[in-house]
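The values are calculated or read from the model by the stated rules, or taken from the named source; none is laboratory data. Small disclaimer: the values here were computed from a predicted structure and weren't measured. Here the Cβ positions follow ideal geometry from the backbone for every residue, glycine too, while neighbour counts run over all protein chains shown.
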Amino acid sequence: MQRKSMFLAVISMVAVVMFMAGCAGMTAKPTEKNFKAPTVTLSHVEVQTYWGWWFFSNKIKPAKGKAGNYGAPLDLAFIFEITNPNDFPVKMEKFQFTVGFEDFDVNTVLSNEAMWIPAGKTNQIRFHSIQDARQTQLSLLVTGGLKLKESGKSFWDMLEKWWTQIPDFSFPVHVRGGSAIFKADGVMKSVSFNYTFP
Amino acid sequence: MKQKQQWFKYVALFFIPALVLGVSAGVFAAEVKIGALNDVTGATSDVGKDYALGIAEAIQYVNDNGGVNGKPIKLYQFDYGYRIPEALTKYKLFKRLGAVAVLGWGTGDTEALSPTITKDKMPYVSASYSAHLTNPKKTPFNLFAATDYSTNARAAITAWFDTRWKKHPDYGKRKPKFVCSYHFAHPYCSAPIKAIKDQAQILGFEIGPDQNVSLVAIDAKSQVLAMKDYGADLVWHGNTTMSVSATVRDAFSLGLKADHIVNCWGFDENLPRLAGKAAEGVMGAPRCAFFGEDVKNMDKVVEYAKKYNPGVPLEKRLTHTVGAWANVMALWEAMNRADKAGDLTGEGILKKGFETLRNYDVGLGVAPLTYTPTDHRISGTVSIYEIKNGKFHVVERVDLKSRWPEKWEKEWLGW
């Protein structure tokens, strides 16, 4: 019985010591003043999956399924590094950026998934930008149609170039108007970023 | 010894639940889940991207201000590229995730989803302002915080008649000639056609042949020449900004003498930027204030745009951000009311939320909101603007409800 009591007393002591040590390790409360903005860096861009270049109009009879205006999908992965320079963990609540091919915006990536970044550490995160050639054709026309017209280029030429040359990244892929929202204990920091790859 | 054992038990009783509750507090925090469908890559991305930014910023504002009676909103926001099958797929995801309401986008997908959301009792607050969605007998769970396309079109053509045609040298001598320019195959563009032609007849217009202009048109010369051959005095445009600006530019360069009135998704800050001089005098019903305009609650819209999307310059933001805020503010109030009544369900949000709003003022240049169990048109008063020196100015506030009370009450609901 005495041994058991001793054992329980030691365990209690250890628990109390660990609890106190944990408290001692706690850092100052995040404030507007001490919250340093995390950094967002584009590591690289990958073609996640490649389906080549093709487009079928709705006049083509498919072997299966319904006819439609279908273009090759393009799945690009953007790998970012997010560094937390603070000595407390921060939560990233929102991440967003627009993807541009040359002078034209072709997609906007939105993410509202939360991610914690430990104090003083760097996390890597992969965001997918997925679109098909049909979608991009429409987007290109409604967001950059007049610019395209003035440049004398056809949207087919642009799409074919982008879809066939993307494995080599022979044209600039832009990350524009990027913003990430970080929070720590109710204090918020927003970070804006722009990159060009390669 | 017994005392020591007792002491240990008390310690364990205190620490273990504290530890468990501490770790899992985040897990148990109540969240209100909302789905959002947006077009940032498809045929309406010229206006859809700005609206999508506005939705996210407005939800941040709601969460910063207590969420739904203390419960934060978890937003699931997706791009569906203006493709109806994608919208249907994402809607199924929202249901699986336990969303209590959806902030939707286009007319095609909103009308396609309408029977499903009615069956599911899912409040669906869309950026489609189609009048087809305003009759609760047919579409009880479809809502939006704006005057509908048909009401806007009726008001715009009436304002043109009042302010321009009455000053025309031919006023009283002949009928004004009117044509519609829009993408026939798109439900958004064609939704108010029946209503605007009806209004044209009420006002004594002669109606010419419709012109099919693609939603992604960057050249509309042949259609403009057809309008010119007809001798149009007024053209209604039902497309989005890029296509409307291409048409207005071609009309200017080809010497079409007609005036232009535009539906809300083609009448934004980009129109004078893209169409330049050709946009001078163009009239429209933007359904809410322009970005940065001096109206109630605009300070919050601008503050959150700066705060949450610092990478997007303010001068590139549009009235569609404001429209997104209006929808979120209306849904927020409806959810707060339903929650206070202890019924934060789809039916609760509709019956104890939206349908209890009477002249509820969200500011933002939106007409005060009233939804009744028999009528989801928020108001019969529409502000009509025109572009002067590249800026937007109110030319007339048309009160359709007072001007044609019987038609408003008995004829015009739902189309």
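Data for the structure
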read-out: The stretch A:151-160, residues that are in contact (Cβ under 8 Å) with a residue 60 or more places away in the chain and within 12 Å of another protein chain (Cβ to nearest Cβ); value: none
read-out: Filtered residue count, the stretch B:45-55, keeping only those that are out of contact with any helix residue (DSSP H, G or I) (no Cβ under 7 Å at 6 or more places or on another chain) and not charged (D, E, K, R); value: 2
read-out: Residue in the stretch B:86-96 that is touching a His at 6+ places or on another chain (Cβ under 7 Å) and surrounded by 16 or more Cβ atoms within 10 Å (Cβ to Cβ) present; value: no
read-out: In the stretch B:369-415, the residues that are of a type in the set (A, V, I, L, M) and under 20 Å from the mean Cα position of the chain (by Cα); value: B:369, B:378, B:382, B:384, B:394, B:398, B:400, B:413
read-out: Qualifying positions in the stretch B:352-380 - basic (Lys, Arg) and surrounded by 19 or more Cβ atoms within 10 Å (Cβ to Cβ); value: B:352, B:377
read-out: Residues of the stretch B:180-204 that turn out to be assigned to a loop (DSSP other than H, G, I, E, B), away from chain A (no Cβ under 14 Å) and without any contact (Cβ under 8 Å) to a residue 40 or more places away in the chain, as a count; value: 2
read-out: Residues located in the stretch B:300-350, provided they are of a type in the set (Lys, Arg) and under 21 Å from the mean Cα position of the chain (by Cα); value: B:300, B:316, B:317
read-out: Per-region count, the stretch B:140-150, residues of a type in the set (Phe, Trp, Tyr) and in a strand (DSSP E or B); value: 0
read-out: Positions within the stretch A:45-91 being among the aromatic types (Phe, Trp, Tyr) and more than 22 Å from residue A:137 (Cα to Cα), in sequence order; value: A:80, A:88
read-out: Selected residue (criterion: farthest from residue B:81 (Cα to Cα)) from residues of the stretch A:151-170 that are assigned to a helix (DSSP H, G or I) and charged (D, E, K, R); value: A:168
read-out: Unmet criterion (only one of (1) crowded, with 24+ Cβ neighbours inside 10 Å; (2) over 28 Å from residue B:221 (Cβ atoms)) for residue B:191; value: (2)
read-out: Candidates B:119, B:137, B:173, filtered to the one that is assigned by TED's automatic domain parsing to the domain that holds residue B:368, part of a loop (DSSP other than H, G, I, E, B) and more than 30 Å from residue A:138 (Cβ to Cβ); value: B:137
read-out: Helices (runs of 4 or more DSSP H) enclosed by the stretch B:206-324 - at least 3 residues per element that are charged (D, E, K, R); value: B:221-230, B:298-308
read-out: Close pairs from the stretch B:388-415: first over 27 Å from residue B:319 (Cα atoms), partner in a strand (DSSP E or B) and β-branched (Val, Ile, Thr), Cβ under 6 Å, at least 6 apart; value: none
read-out: Which listed residue, of B:295, B:262, B:282, B:312, is over 24 Å from residue B:67 (Cβ atoms) and within 14 Å of another protein chain (Cβ to nearest Cβ); value: B:312
read-out: Lone unmet requirement of (1) in contact with a strand residue (DSSP E or B) (Cβ under 6 Å, 6 or more places away or on another chain); (2) assigned by TED's automatic domain parsing to the domain that holds residue B:239 for residue B:312; value: (2)
read-out: Conditions (1) of a type in the set (S, T, N, Q); (2) modelled with pLDDT of 90 or more; (3) touching a helix residue (DSSP H, G or I) at 6+ places or on another chain (Cβ under 7 Å); number of the one not met by residue A:143; value: (2)
read-out: The stretch A:162-189: number of residues that are crowded, with 19+ Cβ neighbours inside 10 Å, within 12 Å of chain B (Cβ to nearest Cβ) and either in contact with a Lys or Arg (Cβ under 6 Å, 6 or more places away or on another chain) or aliphatic (A, V, I, L, M) (or both); value: 4
read-out: Those residues of the stretch B:206-244 which are within 23 Å of residue B:176 (Cβ to Cβ), buried (at least 21 other Cβ atoms within 10 Å of the Cβ) and of a type outside the set (Val, Ile, Thr), in sequence order; value: B:211, B:220, B:223, B:227, B:232, B:233, B:234, B:236, B:237, B:238, B:239
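Conditions tested, residue by residue: (1) at pLDDT 95 or above; (2) touching a Phe, Trp or Tyr at 6+ places or on another chain (Cβ under 6 Å); (3) assigned by TED's automatic domain parsing to the domain that holds residue B:54; (4) not in a strand (DSSP E or B).
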residue	(1), (2), (3), (4)
B:326	yes, no, yes, yes
B:338	yes, no, yes, yes
B:348	yes, no, yes, yes
B:351	yes, no, yes, yes
B:354	yes, yes, yes, yes
B:362	yes, no, yes, yes
B:392	yes, yes, no, no
B:402	yes, no, no, yes
B:415	yes, no, no, yes
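To keep it simple, each residue is scored yes or no on (1) in contact (Cβ under 8 Å) with a residue 40 or more places away in the chain; (2) surrounded by fewer than 18 Cβ atoms within 10 Å (Cβ to Cβ); (3) closer than 28 Å to residue B:312 by Cβ.
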{"residue": "A:50", "(1), (2), (3)": "yes, yes, no"}
{"residue": "A:61", "(1), (2), (3)": "no, yes, no"}
{"residue": "A:69", "(1), (2), (3)": "yes, yes, no"}
{"residue": "A:75", "(1), (2), (3)": "yes, yes, yes"}
{"residue": "A:81", "(1), (2), (3)": "yes, yes, yes"}
{"residue": "A:90", "(1), (2), (3)": "yes, no, yes"}
{"residue": "A:100", "(1), (2), (3)": "yes, no, yes"}
{"residue": "A:104", "(1), (2), (3)": "yes, no, yes"}
